[in-house]
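Notes follow the structure.
The values are calculated or read from the model by the stated rules, or taken from the named source; none is laboratory data. These numbers were taken from a predicted model, which means no experiment stands behind them. Heads up, the Cβs are rebuilt from the backbone with ideal geometry, glycines too, and the neighbour counts pull from every protein chain shown.
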Amino acid sequence: MKLKLWCNCEICDGYLTMSWSKQFDNLCDWYAHLLSKSPTKTIHIHVLGNTITANPDNVEYMLKTRFDNFPKGKPFSTILGDFLGRGIFNVDGDSWRFQKEMASLELRRFSIRSYALEIVNQEIKTRLIPLLSSVAGKEDGVLDLQDVFKRFSFDSMCKFSFGLDPRCLELSLPMSDFAVAFDLASKLSAERAMTVSPLVWKIKRMLNLGSEKQLKEAIKMIDLLALEVIKQRRKMGFSTHKDLLSRFMSSVNDDTYLRDIVISFLLAGRDTVASALTSFVWLLGKNPRVCSEIRAEADRILGQNQELTSFDQLRELHYLQAAVYESTRLYPPIQFDSKFCEEDDVLPDGTYVKKGTRVTYHPYAMGRMREIWGQNCLEFKPERWLKNGLFLPENPYKYPVFQAGFRVCLGKEMALVEIKIVALSLVRQFQIHLVSPYRATPRFSPGLTATFSGGLPVLLQQR
Ligand code: HEM
């Protein structure tokens, strides 16, 4: 497929004139609609040079069978290069392999699970629950849970990755400069990808104008703070510490590379978890039956009013696990992911892909395909993941929420632990009332990770 600056096919016309916005709240909803109508479940946006697919066979082909022919590619790494540098999210080849190996050593260790559980439990007990309790039952106690989840996961990821505590969840303190700069850099980098031609942002960057000037300033702040974190960690000594940064410091001496590594991990683990929690709580607010099932299961397995104390107990909560999978099926934190084809290729559905074409697989649309999930694909129904009461995973190429194949998410287990424990603590201790329960679908803001525009305002009542 050749990149065209103008094309009057129905889809490109809809994209360029934004006529889709008359019928759909979000671009991803329009794509899901187009993909569901396509016989191959693949469409082309010629003006973006983008082939988009929701076909599991194509996804498996890109992520596993012909992995080497579908790298992230240069266009993607240029867009995110200023922010992420050579971090794992933004590289292919040897640099990716090295970081993946190091991170896997750390993240797949059994003890890392209890370390993560310890961090998350402590953050819940000492900060999250006291904060929520302080507003529960108050008529004017509307709280934006999306903001709370972002603070929560930023604290957790910083403790986990660097062994340092930014205390973002202490609302009496201003949001840390680091977190603010991080949000801005993530938003502005994502906006680069939305311009029809990269020339637009490259010229703005060269002239240091508007959003590019803001991005440069945000990145300068991130660089300063990240290098400070590395300096402190070095001063404190790193050989006996359990965090990821310490592990990388024992084999990397280049501070800029270390900065890139830690920034990618923060991005990987912070916004994704906050996003998953936001949509999960939104769905729970709309589905009290599922809340009751989660509570009943917890009372049965843990005992009434008994806290969760171990991983083994968490593993026994099959309904909770099914509810998290079901929520991320409908609202994946990373709604789509693109690769760039190295050599001409043909996807399993017969789509010809020319060298250099951007090919995007779309987990958000895939969660809405009748052919994959059946007639009731739009319903929030955790039971679809259970067989005789036990959780049964699906083929990961039908549910590529954590990607799949060679570049599958390395933090999946940790993310699931975090989401399950937070959601469980919330529903067991509070009734959640959505402040605007009438919307059928959330509206998303542009960004690298799905974010509810307007946040998630709720009122809480202690149970
Ligand atoms: C609900 C939460 C999460 C979701 C939905 C998620 C999803 C994903 C996806 C889709 C990718 C592939 C991205 C790409 O290649 O462009 C990915 C990669 C990755 N994730 Fe996650 N993630 C989550 C949480 C986490 C956490 C908590 C961590 C860290 C502890 C983490 C660490 C990573 C890393 C290191 C990669 C890069 C893997 C590679 O390129 O080989 N993720 N994740």
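Just a few scattered comments:
- When Lys100, Lys37 are checked against the criterion of being surrounded by fewer than 18 Cβ atoms within 10 Å (Cβ to Cβ), at negative phi and more than 11 Å from the ligand (Cβ to nearest atom), Lys37 stands alone in meeting it.
- Looking only at residues in the range 400-412 that are crowded, with 16+ Cβ neighbours inside 10 Å, of a type outside the set (Gly, Ala, Ser) and within 14 Å of the chain's Cα centre (by Cα), the one that is farthest from the ligand (Cβ to nearest atom) is Pro400.
- Subset tally (residues that are touching a Leu at 6+ places or on another chain (Cβ under 8 Å) and within 15 Å of the ligand (Cβ to nearest atom)) for the range 118-152: 4
- Test: residue in the range 283-298 that is charged (D, E, K, R), loosely packed, with under 14 Cβ neighbours inside 10 Å and more than 30 Å from Leu448 (Cα to Cα): yes
- Out of Tyr438, Tyr397, sole residue that is within 16 Å of the ligand (Cβ to nearest atom) and among the hydroxyl-bearing types (Ser, Thr, Tyr): Tyr397
Okay, residues lined up against (1) surrounded by 20 or more Cβ atoms within 10 Å (Cβ to Cβ); (2) in contact with a strand residue (DSSP E or B) (Cβ under 7 Å, 6 or more places away or on another chain):
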site	(1), (2)
Ile52	yes, yes
Pro56	yes, no
Asp68	no, no
Pro71	no, yes
Ser95	no, no
Ile112	no, no
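Listed here are the residues, each with its yes/no results for (1) of a type in the set (A, V, I, L, M, F, W, C); (2) under 26 Å from Met369 (Cα atoms); (3) in contact with a helix residue (DSSP H, G or I) (Cβ under 8 Å, 6 or more places away or on another chain).
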| site | (1), (2), (3) |
| --- | --- |
| Tyr399 | no, yes, yes |
| Arg407 | no, yes, yes |
| Val422 | yes, no, yes |
| Leu426 | yes, no, yes |
| Tyr438 | no, yes, no |
| Thr441 | no, yes, yes |
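- Taking every residue in the range 323-351 that is closer than 20 Å to Ala423 by Cα and at pLDDT below 95 and pairing it with any residue that is in a helix (DSSP H, G or I) and among the hydroxyl-bearing types (Ser, Thr, Tyr), at least 6 positions away or on another chain, yields no pair with a Cβ-Cβ distance below 7 Å.
- Verdict on Ala450 being on the phi < 0 side of the Ramachandran plot, under 16 Å from the mean Cα position of the chain (by Cα), crowded, with 19+ Cβ neighbours inside 10 Å and within 16 Å of the ligand (Cβ to nearest atom): yes
- The set of residues from the range 155-196 being part of a loop (DSSP other than H, G, I, E, B) and either modelled with pLDDT of 80 or more or in contact with a helix residue (DSSP H, G or I) (Cβ under 6 Å, 6 or more places away or on another chain) (or both) comprises Gly163, Leu164, Asp165, Pro166, Arg167, Cys168, Leu169, Ala193, Thr195.
- Helices (runs of 4 or more DSSP H) within the range 240-355 that include 2 or more residues among the acidic types (Asp, Glu): 255-286, 288-302
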